[in-house]
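Here is the structure we will look at.
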Amino acid sequence: MLFNTPIFYFFFLIFIMFYGFVFLKHKPKIYFTLVSSLVFYGVWNYKFIPLLVGSAIADYFIAQAISNATTQSRKKQFLTLSVLMNLGILALFKYADFALESVADFLLLFGYNANVPTLSWVLPVGISFYTFQSLSYTIDVYRGDMKARKGLVEFTTALAFFPQLVAGPILRARQILPQFHKMPIPTWDMAKTGFLLITIGLFKKTIADLLAAPAMTAFDGTAVSLIETWTGVLAFAGQIYGDFSGYSDMAIGIALLLGFKIPLNFRLPYFARSPVDFWRRWHISLSTWLRDYLYIPLGGKNSRLRNIFITMLIGGLWHGAAWTFVVWGAFHGFIITATHYLSQMPALAGFVNSKSKILTFIKWMITFYLILLGWVLFRATSIDSAWEIFVNMHSLSGLPLPGLHATTIFILCVSALLIMHLMDSFVIHKGEKFQNKKWIFWPVLVFIFSLCLLIGEPSNEFIYFQF
Amino acid sequence: MSSSTSNFNTESNSSMSVSPRKIYFKILLAFVIGTGCSMGLIRGFTYIMDASGDNFLGRVLESRAALKKIVKEEHDLVMFFGSSMTGAGFAPRQFDQSMQERNIDIKSFNYGFGGLNPFFQDIFSRRIREEFQQNNRRLELAILEFNPFQTTITRHKRAKSLEDSFEVLLASNEEIKNITLDDPTRGVRLLTIKHLRDGVSAEMITGFLGSEFSIPRSRTEIPEDEELEKKFNEIGELLNEAFAKEYPNYVNSQWSYDWQGGGTIPQERSDETLKLFEEYYRLQNQNNHRYDDDRLSRINSADIIELNFSEGLVEAYIRLIKNFQQFSNKVEVVLLPRNTKWITNSPEGLKRLNATIKRIEDATGITMKNHQDLSVMKPTMFRDTTHLNRYQGSVAYTNYIVEQYADYLKNAD
């Protein structure tokens, strides 16, 4: 069930009627939220409900066991069990075929044609999100950052909470579990913010869908001109941003309508001035998860460059089981380590630390260019295809003059990218003031919502669902 | 809004003093009123644009309504079902007259519509089947057009934005109910389009408005002959006047039943009008600019030369034949005449066509009749690169069909 589908609208309408008017006490509310979340998930594929509930139950009891264990080694054993279980589930459903195919390809290099069977299992929606979320709970309990909570249903409900279940943001147990303990009631200000975020999110998703076609032009293997390639790459940058940040905004907005506060997941990422800055703004819940549960345990600033590289490599693999994602992660690992390395060079320190507008603009341009190169790796179907697009992006040979159509589409794609960021910037900086001007606020929301209902592209699901 | 959400203190709960029911009531009210206003704006927009399901599929829906009268006919029934090429190429009243001259008492109908690919045709054919079966009627003869370029991937992709709207307009309530049970997300979506959006989906609106931004297709390099164009248009005007004079009581809504889904026939026109038509076609045939541009348009919109078939559409076409087999005494599948002067398949395209024909034949047990290159049909009988003209092409092809099926219809029970 996607947030931008009519079925979700009716689901939510019915949900809020019962949630707000029928189930007023804590326990019934929790049970009702759990059942509704499972229905939400089950509409996609009910067969994977046991997997979701099972991993919640397992991690709940493992956390209890960690908490009750008297020795550190015993605690470690239980944590290892949780890590193996969660990563095992991920490995089985998400990476098994990739690993088997890679082995077969590797053997083929030596002339051995291995007929390796593949599982071809359906990837359960949201598995990468909820396993990471669940894992963070057992790790936090192991580290002593939080106590194991009492209340299995509460924990399962928090993990399966429908606004964030299928595409994040990846919540930490310590962020969400206390809220489920209280089952907060929203304020009217929260509700207004919620409506604003839902509308903006829906609008960004709508723009993302419109950008899918020009993005496809650059990536579908047909030879295109320089301007069409750049248009396609920019369009994909807009598509993935609008798609994912739009979904996150809607998730945060829906949670707010229910009284739950979910931290932001994007903060104007394409305005970043360095690759490091980009990862502080893009999919924040994942990058901070990787920082806290991978980078720091690896040693953090000790052997910094190595640890960053490993973290980004695994971050890339988290996005999908394909070599393009591995290379994408490695690429980001490389540009982040290179940024750190260069910033330590006395000759470049002035440039890196400069606040001058021109230099800031140059830093933004370089960063944005590198991010775009990264998106080519992310979106391309193979490394060869990515390389071809890199060449098309930089090849001036036989350059035809861009026609009116190509120029128009280029301008539209750039405008779409800019509109989404300016809109986000407005909401971040002026949103609270804006939502208090009720005579403007509501009509604007209705107008934007109407636009979203008016515009539609067939068969465009959320990109991040595949992760 | 991310700043405000990030600034929230997750441990505080300032609203505890507010009645929960009151706050949820406000949320619900904002939710319902906001959506209601938005739906109102959408309906207003589509009203101003004059966009409604009835407008998009007007003749198809009219012909569906006409089925109730058709099944009550006393005569044996013949239906020619297909695309706009059928619409242009078969004259039912001429067919009936020719049959009557042979003492064959039948009534035929032209169910050829533009814009319906086999996916939509399959759904529509189910409505026809239902009507016939509910009334215990059978078609004596069903002639189904297999249109290769309506069945291509290109054509399929271009119709994607229309799929939900057309399905809503053509599907039965039972079918939508089954879709909803099978896939609730899609089912609720279709129900919303049907009941809240007057059959007009967002995809359809976007497809229509967004066509301005699609990649411009190649245009013909053959220069336009303005003098020829002018003369052609002048005769066109005269023909319109002649129509108004010769058919003063013509009612457009009677097109699908009284007119049997076909156009005028030469037997009803004056000699003067027929001469005008001859001149009109003569000029039309000289206009290479138009024909070549139409050819390029068909290549762009339907892959008419290479014919890369859509798996989904071929399957839909097989289902369509099977639907007709359930309520017809005889089902014939034909490939309609083609304008060989302008359209010739590539060798690869031809291979793909032959493979697809074989696949359809194997799946249905019917041998397809290839009328693409009939000796009685000439390139001059086409009004563009695909459609027959009315008083030469349609007449000749209808006569050919008469010759082919007169014996069968005479001997039929």
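What are the residues in region A:257-272 that are within 7 Å of chain B (Cβ to nearest Cβ) and not in a loop (DSSP other than H, G, I, E, B), if any?
Selection gives A:Leu257 alone.
Residues that are closer than 16 Å to A:Ala173 by Cβ and either among the small types (Gly, Ala, Ser) or over 26 Å from the mean Cα position of the chain (by Cα) (or both), at least 1 per element: which helices (runs of 4 or more DSSP H) completely within region A:44-147 meet that?
Helices (runs of 4 or more DSSP H) meeting the threshold: A:49-68, A:72-90, A:127-143.
Listed here are the residues, each with its yes/no results for (1) in contact with a helix residue (DSSP H, G or I) (Cβ under 7 Å, 6 or more places away or on another chain); (2) crowded, with 16+ Cβ neighbours inside 10 Å; (3) among the small types (Gly, Ala, Ser); (4) not assigned by TED's automatic domain parsing to the domain that holds B:Met368.
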position: B:Arg129; (1), (2), (3), (4): yes, yes, no, no
position: B:Asn135; (1), (2), (3), (4): no, no, no, no
position: B:Thr151; (1), (2), (3), (4): yes, yes, no, no
position: B:Lys157; (1), (2), (3), (4): no, no, no, no
position: B:Ser161; (1), (2), (3), (4): yes, yes, yes, no
position: B:Glu174; (1), (2), (3), (4): no, no, no, no
position: B:Asp182; (1), (2), (3), (4): no, no, no, no
position: B:Gly199; (1), (2), (3), (4): yes, yes, yes, no
position: B:Arg217; (1), (2), (3), (4): yes, no, no, no
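Name the single residue, out of those in region B:357-413 being part of a loop (DSSP other than H, G, I, E, B) and small (Gly, Ala, Ser), that is farthest from B:Phe277 (Cα to Cα).
B:Gly365
Considering only region A:421-441, how many residues are farther than 18 Å from A:Lys204 by Cα and facing chain B (nearest Cβ under 7 Å)?
Residues in region A:421-441 being farther than 18 Å from A:Lys204 by Cα and facing chain B (nearest Cβ under 7 Å): 1 in total.
Okay, residues lined up against (1) charged (D, E, K, R); (2) closer than 27 Å to B:Leu374 by Cβ:
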position	(1), (2)
B:Glu73	yes, no
B:Thr86	no, yes
B:Gly112	no, yes
B:Leu116	no, yes
B:Phe124	no, no
B:Leu139	no, yes
B:Asn147	no, yes
B:Thr151	no, yes
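From (1) part of a helix (DSSP H, G or I); (2) more than 23 Å from the chain's Cα centre (by Cα); (3) at pLDDT below 95; (4) more than 21 Å from B:Ser19 (Cβ to Cβ), pick out the condition that doesn't hold for A:Val35.
Here A:Val35 meets the rest and fails (3).
Give me the pairs, please: first residue somewhere in region A:445-467 and aromatic (Phe, Trp, Tyr) and modelled with pLDDT of 70 or more, second residue anywhere and in a helix (DSSP H, G or I) and surrounded by fewer than 20 Cβ atoms within 10 Å (Cβ to Cβ), beta-carbon distance under 8 Å, and either six or more positions apart or on two chains.
From region A:445-467, the pairs are A:Phe447/B:Leu41; A:Phe449/B:Gly34; A:Phe449/B:Thr35.
Would it be correct to say that A:Thr80 is exposed (fewer than 14 other Cβ atoms within 10 Å of the Cβ) and at pLDDT 90 or above? Walk me through how you get there before you give the answer.
Numbers: exposed (fewer than 14 other Cβ atoms within 10 Å of the Cβ): yes; at pLDDT 90 or above: yes.
When the stated conditions are applied, A:Thr80 passes them.
Tell me, please, whether a residue that is modelled with pLDDT of 85 or more and either among the aliphatic types (A, V, I, L, M) or in contact with a Gly (Cβ under 6 Å, 6 or more places away or on another chain) (or both) can be found in region A:341-357.
no
Answer with yes or no whether A:Ala160 is over 30 Å from A:Phe236 (Cβ atoms) and of a type in the set (Gly, Ala, Ser).
Yes; evaluated as a whole, the condition is true for this residue.
If I filter region A:3-46 down to residues being more than 7 Å from every other protein chain (Cβ to nearest Cβ), over 17 Å from B:Phe25 (Cα atoms) and touching a Lys or Arg at 6+ places or on another chain (Cβ under 9 Å), which single residue comes out as surrounded by the most Cβ atoms within 10 Å (Cβ to Cβ)?
Here the residue is A:Phe3.
Return a yes/no flag: does region A:10-17 have any residue that is aliphatic (A, V, I, L, M) and more than 30 Å from B:Arg189 (Cα to Cα).
So far as region A:10-17 goes, no, none of its residues is aliphatic (A, V, I, L, M) and more than 30 Å from B:Arg189 (Cα to Cα).
Considering only residues of region A:169-192 that are closer than 26 Å to A:Gly431 by Cα and facing another protein chain (nearest Cβ under 7 Å), which is surrounded by the fewest Cβ atoms within 10 Å (Cβ to Cβ)?
A:Trp188
Looking at B:Ser63, B:Ser52, B:Ser83, B:Ser19, which is the one that is within 14 Å of chain A (Cβ to nearest Cβ) and at negative phi?
From the options B:Ser63, B:Ser52, B:Ser83, B:Ser19, the qualifying one is B:Ser19.
Give the residue, chosen from A:Leu197, A:Leu159, A:Leu211, that is in a helix (DSSP H, G or I), at pLDDT below 90 and buried (at least 24 other Cβ atoms within 10 Å of the Cβ).
Selected residue: A:Leu211, the only one of A:Leu197, A:Leu159, A:Leu211 that is in a helix (DSSP H, G or I), at pLDDT below 90 and buried (at least 24 other Cβ atoms within 10 Å of the Cβ).
Could you list all residues from region B:292-334 that are crowded, with 20+ Cβ neighbours inside 10 Å, modelled with pLDDT of 95 or more, in a helix (DSSP H, G or I) and in contact with a strand residue (DSSP E or B) (Cβ under 8 Å, 6 or more places away or on another chain)?
B:Leu313, B:Leu320, B:Ile321, B:Phe324
Can you pull out every residue in region A:193-213 that is at the interface with chain B (Cβ under 9 Å from one of its Cβ atoms) and under 22 Å from A:Leu258 (Cα atoms)?
A:Thr193, A:Gly194, A:Phe195, A:Leu196, A:Leu197, A:Thr199, A:Ile200
Run down B:Ile343, B:Ile304, B:Ile318 and say which single residue is more than 26 Å from B:Ser375 (Cα to Cα) and assigned by TED's automatic domain parsing to the domain that holds B:Thr386.
B:Ile318
Given the options B:Ile23, B:Ile48, B:Ile42, name the one that is over 30 Å from B:Asn147 (Cα atoms), modelled with pLDDT under 90 and crowded, with 17+ Cβ neighbours inside 10 Å.
B:Ile42
The values are calculated or read from the model by the stated rules, or taken from the named source; none is laboratory data. All of these numbers come straight from a predicted model, not from anything done at the bench. Every residue, glycine as well, gets a Cβ built from its backbone with ideal geometry; the counts of neighbours run over all protein chains shown.
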